[in-house]
Amino acid sequence: MKLILRVFQILGFISLLVACPVQPTSDPTITEIVVTTNTPVLAGGVSTAISGVVKGTGNFNPLIIWSTTSGTLSQTNDSPVLFTAPRISATTIVTITATSIGDKSKSKSVDITINPADEVTAISLTASKVALRVNDSSLITAGISGTGVFSDALTWKIESSSSGSLSNSTGSTVTYTAPSSTLGRVVRITARSVQTPTIFKTLFMSVNPMESSISAGQSFVIAVKTDGNVVSWGANNRSQLGNTNTNIDQPIPVNANSNFVNNIVAVAAGQDHSLAIKSDGTLLSWGSDDDGKLGDGGFFSQGVSDGPKIISGISGIIAVAAGRNFSLALKSDGTVLSWGANGEGELGTGGSVDYTNTSPITIPSLSNVIAISAASGSRHALALLSDGTLKGWGLSAAGQLGEPGSKNYQTTPVTISGIDNIVSIATGEYSSWAIKSDGSLFGWGISTKAFPNGDQSNTPTFIQGATDIVAVAPGNQHTLALKANGTLLGWGQNVNGELGLGNSSNGQNPGAIAPGLNDIAAIAAGATSSYALTANGKIQSWGADTTGQLGNGGANETKLAPGLVSLGDLDVIRTP
């Protein structure tokens, strides 16, 4: 009986369980998100891991969506996440937020303080001189700015080989000493920070910038060879080649029978006369003597010299320039001599015009000159001073002296304003050009397709698209510019193939020219022809060849692309 009763009790309990089942646990609930990091303070650019944990009851999705007010996150939907602090200039707070995927109303933020990174952010370079003579020195000082606590140590490097020396390779101040060389060149010096990430700044400096181993006149060329002799080719109607009186279509020696045309270090070609400096600082001239531009005191009664002659009474010459009908010579003491025509004030001596000087005279108002420039067709001249400023004189009607006014000429040198830190200069027939220490190019006067607001500018104008420039060579209506990497830019007239593009389309703006031609060390431009001296001492030429000025022994035909000048077994002196 008891057994039967026990069975009924068990059955009744089971019935009660069926009638009243056990209640399940509550729905999944997210109660909080916990965010942790071991580095609440970071320097800019530094990374740290940030963890997030979702807490609650039941079974829920533990994934997290991450966001930040600044900096970067390695992922956005998992944990931990890698946060990289932004680079900032002042201390700031960045908020990082973790939001639950399961319940987007639940989130948690953490603030991280970001301090400026210990790094260099800018370098500025200044030099006591940006244009030097051989063996001269310049103090270069770096201005270093940055964030946090950074090192002011820099590593210095001369970018070109055989281009002088530096007093040390670290620190914020160095002394650059120019090489013992008579060749002109623009030197690039780079200062680089030791911080990470590194930044750098490059300064351009010039050494004897106007001394040239190749020079082009209107329709002829002269060049110095490695043995110190001179070759010439092209137009010879005024004996400007220094031999015979007929045009020559390939290089021949200048007056090979002379015993003093040797040890030449630099040359300059005018419209129809030539100048050359010997290593002892004496000066030779030949060609047309119209207006006394050979500096011979009126010796050549027929107006033409049949061969080079030494200009007597002058010495210590380190650079020469030949204009349309006048000549200039720079002495080692920084003074300038002039002679020839003065119809537009080309001699720079002041006073009246329309007279000639047949012997060199000193320009009285010029000193501390490091470079001079005059072009084969020009009636104006430029002088670069050792402080990087510029003076000009002569014809000014086209704005080539950088004057906004309408004065036709200047008989004494005037300062050209609006530009400084100049390391190299050049003149065209009616234009002027200057390269600054940052490698930028400025021009003024008249130059087809050069200036952004037309073909003429009365003040120095930045040439867009021309950067890292180390040399410029203007022709009559085209311009060449040599970049630091040994390639060429060009613009202007191209009807005779002056730009070497393989066609005759004019160049509207500075652009790459002479495709395939690189490793260039020096450039020159005639009236309608172009020349490039490569690092191996070879000359390439292109453009008009009406008088054999391309020097390739051809049929006086226009060449739309560069071709090799036949120099024989000796190379031309080249800038290292």
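The values are calculated or read from the model by the stated rules, or taken from the named source; none is laboratory data. Predicted, not measured: the structure shown is a model, and the values here were computed from it. Positions of Cβ are backbone-derived with ideal geometry, glycine not excepted, and every protein chain shown enters the neighbour counts. Keep in mind that these areas ignore ligands, DNA and RNA; they rest on the heavy atoms of the full protein, side chains included. Shrake-Rupley method; radii C 1.70, N 1.55, O 1.52, S 1.80 Å.
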Item checked: Cα-based reach from LYS391 at 21 Å (exclusive), listing lysines while leaving out same-chain residues under 8 positions away -> LYS129, LYS331, LYS407, LYS436
Checklist line | Long-range HN-HN contacts of ASP136 with modeled amide H, under 5 Å | finding: ALA178
Next item on the list: Determine the share of the chain's accessible area contributed by carbon and sulfur atoms, expressed in whole percent, with a 1.4 angstrom probe.
Entry: 50
Item checked: Accessible area of the chain divided out per residue, in Å², using a probe of 1.4 angstrom -> 41
Notebook entry, point to check: Could you sort VAL149, VAL470 by accessible area so the largest value comes first, with the probe set to 1.4 Å?
Noted result: VAL149, VAL470
Next item on the list: Please give every one of the aspartates and glutamates within straight-line cross-link reach of LYS201, meaning a C-alpha to C-alpha distance under 18 Å, and leave out same-chain neighbours fewer than 8 residues apart.
Entry: GLU119, ASP152, GLU159, ASP438, ASP468
Notebook entry, point to check: Does segment 347-424 classify as rounded, prolate or oblate by the C-alpha gyration tensor (a ≥ b ≥ c root eigenvalues; a/c under 1.5 gives rounded; else a/b over b/c gives prolate, otherwise oblate)?
Noted result: oblate
Check: Two-decimal Rg/Rh of the chain from alpha-carbon positions, Kirkwood Rh?
Finding: 1.34
Item checked: Integer Hz, Karplus 6.51/-1.76/1.60 couplings in order for segment 475-486, x for Gly and Pro -> x, 5, 9, 9, 9, 10, 9, 9, 8, 4, 8, x
Margin query: How would segment 485-576 be classified by its alpha-carbon gyration tensor: rounded, prolate or oblate, with rounded meaning a/c under 1.5 and the a/b versus b/c comparison settling the rest?
Written below: oblate
Checklist line | Size of segment 417-576 as Cα extents on the principal axes (Å, biggest first) | finding: 46, 33, 24
Item checked: Computed [θ] at 222 nm, helices only, for the chain once each DSSP H run of length n ≥ 4 contributes -39500 (n - 2.57) -> -1000 deg cm²/dmol
Notebook entry, point to check: Once you treat every alpha carbon in segment 27-160 as an equal point and sum by Debye, what is log10 I(q)/I(0) at q = 0.15, 0.16 Å⁻¹?
Noted result: -0.77, -0.83
Next item on the list: Can you spot the lysines whose alpha carbon is less than 20 Å from LYS225's alpha carbon? Ignore those fewer than 8 places along the same chain.
Entry: LYS278, LYS309, LYS538
Item checked: Kirkwood hydrodynamic radius over Cα pairs of segment 219-371, then Stokes diffusion coefficient at 20 °C and 1.002 mPa s, in µm²/s -> 141
Check: For segment 96-101, what does the Karplus curve 6.51 cos²θ - 1.76 cosθ + 1.60, with θ = phi - 60°, yield as ³J(HN,Hα) per residue in whole Hz, taken in order and with x for Gly and Pro?
Finding: 10, 10, 10, 10, 5, 6
Next item on the list: Exposed loop GluC sites (Glu not before Pro) only (DSSP loop, at most 14 other Cβ atoms within 10 Å): please give the longest stretch of the chain free of them, not including the sites.
Entry: 160-556
Next item on the list: Compare THR97, THR246 by solvent-accessible area with a 1.4 Å probe and give them largest first, with all protein chains kept in place.
Entry: THR246, THR97
Notebook entry, point to check: If you place +1 on the Cβ of every Lys and Arg and -1 on the Cβ of every Asp and Glu, how big does the dipole about the Cα centre of the chain come out, in debye to the nearest 20?
Noted result: 1900
Next item on the list: Let me know the volume per residue of the alpha-carbon convex hull for segment 373-475, in Å³.
Entry: 86
Check: How big is segment 111-250 in terms of Cα radius of gyration and Dmax, in angstroms?
Finding: 23.0, 88
Notebook entry, point to check: Taking H as built 1.01 Å from N, whose amide H comes closer than 5 Å to the amide H of TRP491, not counting residues under 5 places away?
Noted result: THR479
